[in-house]
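Enquirer: Starting off with a structure, shown below.
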Amino acid sequence: MWRSLTLRTPDNRMLVTSGTGDFALVDRLTADLILSGELSPAHTDYDTLYAQGFVRRPEDAGLRRLEAAITRTRKSFLLDGPSLHIFVVTLRCDHSCQYCQVSRAALDAQGYDMSLADAAAAVERVFESPARHLTIEFQGGEPALRFDLVREVVALAELRNEIEQRTLRFTMASTLHHLGPAELEFCRDHGIHLSTSIDGAAALHNAQRSHPSRQGFERTLEGLERARAVLGPDGVAALPTLTRRALADPVGLVDIYRSLGFNSLFLRPLSPYGFALKTRRALGYTMDEFLAFYERALDYILALNRAGEHFEETNASILLRHILTPFHSGYTDLRSPAAAGVGVLVYNYDGLVYPTDEARMAAETGDRRFALGPVTAPLDDLMASEAMRWLGTGAIAEVQPGCADCAFVPYCGADPVHHATTQGDPAAPRPGSEFCDKHLGLFHILFRHLAEGDPETMRSFTSWALRRGRSEIADPRGLRQ
Ligand code: SF4
């Protein structure tokens, strides 16, 4: 099946995509000929378009097997079962970030820590998943406040894995403030990868991520230094939460990350979950404002790459991997079928299991429709829950209203939790939703660059998509196009 749309390029170039994700950038007449199956061998681009699968000949029946193999590769995550298991070991935190009203509790609050029995049951659920590769992610609140529980979960999982022999990986999202030498050595010895939040320069970070010391930024930087000394220079990843204030200075934000020794930045708009409306009005922005910011940041990052510095924008890397290669990025927020429950499970501090982090945040605002059941229930029961059946109605992008005809659908995904929270229905029409507006905008920006075909941009895009260094990309034009 081929789909087409007009790109936002000066010459209104048409994008035609196939179900397997091949694409052609052509004029309107050629697009019409492809879609009607009337492209003749006399057409200048006939051979190229035939090689890309945009022309069918009677003798090509065998190609179906090849297309099936490509689809299997792109959707290989489906065969795995849940591979990302998020443990919310505590909701307590000593920060009170402006944008995090519902996913934290006060430092001395009672009843916001996971019990050891629930943590042990969660480890059982992890290994009930058939996935060969398992990631256990510790989240909060501030998970380092319950590092004792982190140690317990790691010990239980490692013990179990002596029999299971899966590839087991640990990650932890932390402010880094509470990780001293002993905790960091434990992280090093058990391969726990850390990620932290850095919202921008000190003034912006400290204003947004309020900490009693008023020195949250400085303390995170001290933690970063401590962690790198033990875990190595790549031992900590960081990402910003983008508020309206951050959008004013894309170059400054990229430069802060460069000055701190990072070589990538993940630019995502503010999540719509768990906000009081008043806060959202104060911190939020329209998707058009985000996309304008994104474009300026990406242009700056591409200029850095052109000058020889490898620096990546992670959102672009994820989408380009889907566009330029037959492989999926692994990013759980952009899968079809959706990862909710099928690829990700969240074990909340209160003993309930949720299909995504956003779903458990929605639960904190009183929306309990997403709970799959108690952590003590077997995985099969959680998968057969009412919530999973409900979310399943919106889990496949290729059949959703709006997506079914969208030329970007081979690279996009489905997020039924988002549509259930924001539109009341997991299968609500996508066009006009924040999820769709964001991805539509990002795809248009990336395809505009692909249509322009600047060799240095193509080299950067290819290196990001293939996860290789720029110098390893001999001829970026060889990919897909
Ligand atoms: S969510 Fe929007 S951009 Fe993505 S496939 Fe659906 S219609 Fe296209």
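The values are calculated or read from the model by the stated rules, or taken from the named source; none is laboratory data. Note that the structure is predicted; figures quoted are calculated from it, not measured. So basically every Cβ, Gly included, is an ideal-geometry build from the backbone, and we count neighbours across all protein chains shown. Keep in mind that these areas ignore ligands, DNA and RNA; they rest on the heavy atoms of the full protein, side chains included. Shrake-Rupley method; radii C 1.70, N 1.55, O 1.52, S 1.80 Å.
Enquirer: Being aromatic (Phe, Trp, Tyr) and out of contact with any Leu (no Cβ under 8 Å at 6 or more places or on another chain) is the filter here, so list the residues in region 280-323 that pass it. Give the derivation first.
Expert: Keep residues of region 280-323 that are aromatic (Phe, Trp, Tyr), which gives 285, 290, 293-294, 300, 311.
Across region 280-323, the qualifying residue is only 300.
Enquirer: Right, here's the next one. Regarding region 281-292, can at least one residue be identified that is more than 27 Å from residue 100 (Cα to Cα) and without any contact (Cβ under 8 Å) to a residue 60 or more places away in the chain? Spell out how you get there, then give the answer.
Expert: The first filter runs over region 281-292 and keeps only residues more than 27 Å from residue 100 (Cα to Cα), leaving none.
No; the residues of region 281-292 include none that is more than 27 Å from residue 100 (Cα to Cα) and without any contact (Cβ under 8 Å) to a residue 60 or more places away in the chain.
Enquirer: Something else: In this structure, is residue 112 without any contact (Cβ under 8 Å) to a residue 24 or more places away in the chain and surrounded by 14 or more Cβ atoms within 10 Å (Cβ to Cβ)? Before the answer, list the steps.
Expert: Numbers: without any contact (Cβ under 8 Å) to a residue 24 or more places away in the chain: no; surrounded by 14 or more Cβ atoms within 10 Å (Cβ to Cβ): yes.
The answer is no for residue 112.
Enquirer: Okay, moving on. Looking at region 429-446, I want the residues that are open to solvent by less than 50 Å² (accessible area, probe 1.4 Å) and have a partner that is within 7 Å of the ligand (Cβ to nearest atom) and assigned to a helix (DSSP H, G or I) with Cβ atoms under 7 Å, at least 6 apart or on another chain. Which pairs are those?
Expert: Matching pairs, first to second residue: 430/436.
Enquirer: Exactly one of (1) under 22 Å from residue 446 (Cβ atoms); (2) at pLDDT below 95 is unmet by residue 312. Its number?
Expert: Every listed condition holds for residue 312 apart from (2).
Enquirer: Does residue 72 qualify as being under 24 Å from the mean Cα position of the chain (by Cα), surrounded by fewer than 19 Cβ atoms within 10 Å (Cβ to Cβ) and without any contact (Cβ under 8 Å) to a residue 60 or more places away in the chain?
Expert: On the way: under 24 Å from the mean Cα position of the chain (by Cα): yes; surrounded by fewer than 19 Cβ atoms within 10 Å (Cβ to Cβ): yes; without any contact (Cβ under 8 Å) to a residue 60 or more places away in the chain: yes.
Against the criterion (under 24 Å from the mean Cα position of the chain (by Cα), surrounded by fewer than 19 Cβ atoms within 10 Å (Cβ to Cβ) and without any contact (Cβ under 8 Å) to a residue 60 or more places away in the chain), residue 72 qualifies.
Okay, residues lined up against (1) touching a His at 6+ places or on another chain (Cβ under 7 Å); (2) at positive phi; (3) open to solvent by 40 Å² or more (accessible area, probe 1.4 Å):
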| residue | (1), (2), (3) |
| --- | --- |
| 211 | yes, no, no |
| 214 | no, yes, yes |
| 219 | yes, no, yes |
| 236 | no, no, no |
| 243 | no, no, no |
| 257 | no, no, no |
| 263 | yes, no, yes |
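Enquirer: In region 424-439, what residues are more than 8 Å from the ligand (Cβ to nearest atom) and of a type outside the set (Asp, Glu)?
Expert: 424, 426, 427, 428, 429, 432, 438
Enquirer: May I pose another question? Taking region 222-234 as the search range and keeping residues that are at pLDDT 95 or above and acidic (Asp, Glu), which one is least open to solvent (accessible area, probe 1.4 Å)?
Expert: That would be 222.
Enquirer: Can you tell me which residue among 49, 5, 33, 84 is within 30 Å of residue 136 (Cα to Cα), surrounded by 17 or more Cβ atoms within 10 Å (Cβ to Cβ) and at pLDDT 90 or above? Write out each step before concluding.
Expert: On the way: 49 fails: within 30 Å of residue 136 (Cα to Cα); 5 fails: within 30 Å of residue 136 (Cα to Cα); 33 fails: within 30 Å of residue 136 (Cα to Cα).
Only one candidate qualifies: 84.
Enquirer: Can you name every residue in region 349-385 that is among the polar types (S, T, N, Q) and surrounded by 24 or more Cβ atoms within 10 Å (Cβ to Cβ)? If you could, list the steps in order and put the result at the bottom.
Expert: Taking region 349-385 as the starting set, the residues that turn out to be among the polar types (S, T, N, Q) are 356, 365, 376, 385.
Passing the criteria: only 356.
Enquirer: Residue 322 is checked against (1) assigned to a helix (DSSP H, G or I); (2) free of Cβ contacts under 8 Å to residues at least 60 places away in the same chain; (3) under 15 Å from the mean Cα position of the chain (by Cα) and fails just one. What number does that condition carry?
Expert: The single condition residue 322 does not satisfy is (2).
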